[in-house]
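Structure, as structure tokens:
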Amino acid sequence: MHKKLLIPGPTEVSQEILNEQTHPMISHRDKEFVELYTGITTKIGRYFELPSEVKPTVTTSSGTLWFDIVGRSIVQKKALACVNGAFSQRCAETLRACGKQTDFLEVEWGKAVKPEMIAEKLDSNEYDTLTVCHNESSTGVRNPIAEIGKIVKENYPNIIYAVDAVSSMAGDKTLPTEIGCDIIFASTQKCFALPPGLAVALVNDKAIERAKEVPNRGTYTDMVEIFEFEKKHQTPFTPCIPLLYALNKRMDLLLDETYSRVYQRHLHMAQYTQQWAKKHFEMFPEAGYESITVSCIKNTQSKNVKELNQKLGEKGYMISNGYDKLADKTFRIGHMGEWNLQGIKEIISLIDSIWGL
Ligand SMILES: Cc1ncc(COP(=O)(O)O)c(C=O)c1O
């Protein structure tokens, strides 16, 4: 039996979207491709209200490629990487693996990264790049990226501010102009509710200009090349065309629902889940910084999550245990993409009946 996914990604993909991937193949250098790709980037631009200096691009990769792109194409001398969970840790380590000096601004898992912590570090004038994870899927913490962006824009105009919005973009608030970021990226298997395999990134001219000054950008990670091809409405390398058809459809659906209603839907699912979690358990993130796409719940009753998932599986659902060092201490419910409040109520009432809550 197919298990409907309420894990922090991949999330459930509708049949309508799956069907989009069965179009006959086209050449990625043909006019038909240019039309498809122009349609997608135009719709991304409308959905995320992009001004002319912010360009969208779609890479055939999972989101992690963008850690490498930031490492290879953006960091000049030294980066400050905010680390408050497993994914931001991986981002920080990737920058180092790209051979770039990187300081880790480490914050306890479960706590958010605050603007004043960043300002204290950036005041040293050592850094040219800042990375922050918007929605730490490992801890369910939602970092205040717009407040951070405000201080970066006002006080450190030469910094390139890159945001990992892998598990929040197209669910939570991620308008580049509201955040004041220079780069923001996401994977398609999360809130975009597509199969894995593409990443969507929104990048401003300032970041593209920076990349031109950074040597040894690699090939797949060369951001300058990516945006040279964007001018022709193409990608530098052969993209996953079936997924692009699916993304084209997804952008139609997102535009129909509208950005603000998509956000409200995710907020309502999160609020319902949090209310339930607080009644029986505790939320893992510090109060006020809870993700609206992934709820990370402290397993204060030491319930058996593996057994729960087996029973949920028999009913056709799957949630997630904790991540990494939180594996046994927490469990996570991913409420993103196509899910709605009704679906979340159903799964929670099933959990209630299995656990006798
Ligand atoms: C916040 C965050 N960043 C990065 C990643 C890595 O994304 P991908 O698996 O698409 O490379 C994930 C995956 O779960 C994530 O949740």
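The values are calculated or read from the model by the stated rules, or taken from the named source; none is laboratory data. Not measured: the values here are computed from a predicted model. Heads up, the Cβs are rebuilt from the backbone with ideal geometry, glycines too, and the neighbour counts pull from every protein chain shown.
Below is a table of values for the structure above.
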{"read-out": "Complete set of residues in the range 89-141 that are within 20 Å of TYR289 (Cα to Cα), of a type in the set (Gly, Ala, Ser) and out of contact with any Asp or Glu (no Cβ under 9 Å at 6 or more places or on another chain)", "value": "ALA119, SER137"}
{"read-out": "Residue match in the range 202-215 (condition: within 16 Å of the ligand (Cβ to nearest atom) and either among the polar types (S, T, N, Q) or closer than 20 Å to THR129 by Cα (or both))", "value": "yes"}
{"read-out": "Criterion: more than 26 Å from LYS206 (Cα to Cα) and either exposed (fewer than 15 other Cβ atoms within 10 Å of the Cβ) or within 16 Å of the ligand (Cβ to nearest atom) (or both) - qualifying residue of GLY110, GLY71", "value": "GLY110"}
{"read-out": "Hey, SER62 touching a Pro at 6+ places or on another chain (Cβ under 7 Å), outside any helix (DSSP H, G or I) and either hydroxyl-bearing (Ser, Thr, Tyr) or under 21 Å from THR131 (Cβ atoms) (or both) or not", "value": "yes"}
{"read-out": "Per-region count, the range 39-59, residues surrounded by fewer than 18 Cβ atoms within 10 Å (Cβ to Cβ) and either within 16 Å of the ligand (Cβ to nearest atom) or assigned to a loop (DSSP other than H, G, I, E, B) (or both)", "value": "4"}
{"read-out": "Matching entry among GLY149, GLY197 (being at pLDDT 95 or above and at positive phi)", "value": "GLY197"}
{"read-out": "Failed criterion for VAL163 (all others in (1) away from the ligand (no atom under 11 Å from the Cβ); (2) assigned to a strand (DSSP E or B) hold)", "value": "(1)"}
{"read-out": "Scope the range 166-190; condition within 11 Å of the ligand (Cβ to nearest atom) and under 9 Å from the mean Cα position of the chain (by Cα); matching residues", "value": "VAL166, SER167, SER168, MET169, PHE185, ALA186, SER187, THR188, LYS190"}
{"read-out": "Criterion (more than 19 Å from PRO236 (Cβ to Cβ), aliphatic (A, V, I, L, M), assigned to a strand (DSSP E or B) and modelled with pLDDT of 95 or more) met by exactly one of LEU95, LEU105, LEU18", "value": "LEU105"}
{"read-out": "Single condition GLU286 does not satisfy, out of (1) touching a residue at least 40 places away in the same chain (Cβ under 8 Å); (2) out of contact with any Lys or Arg (no Cβ under 9 Å at 6 or more places or on another chain); (3) part of a loop (DSSP other than H, G, I, E, B)", "value": "(2)"}
{"read-out": "The range 10-26 residues that are acidic (Asp, Glu), paired with ones that are in a loop (DSSP other than H, G, I, E, B) (beta carbon under 6 Å, 6 or more apart)", "value": "GLU12/GLU338"}
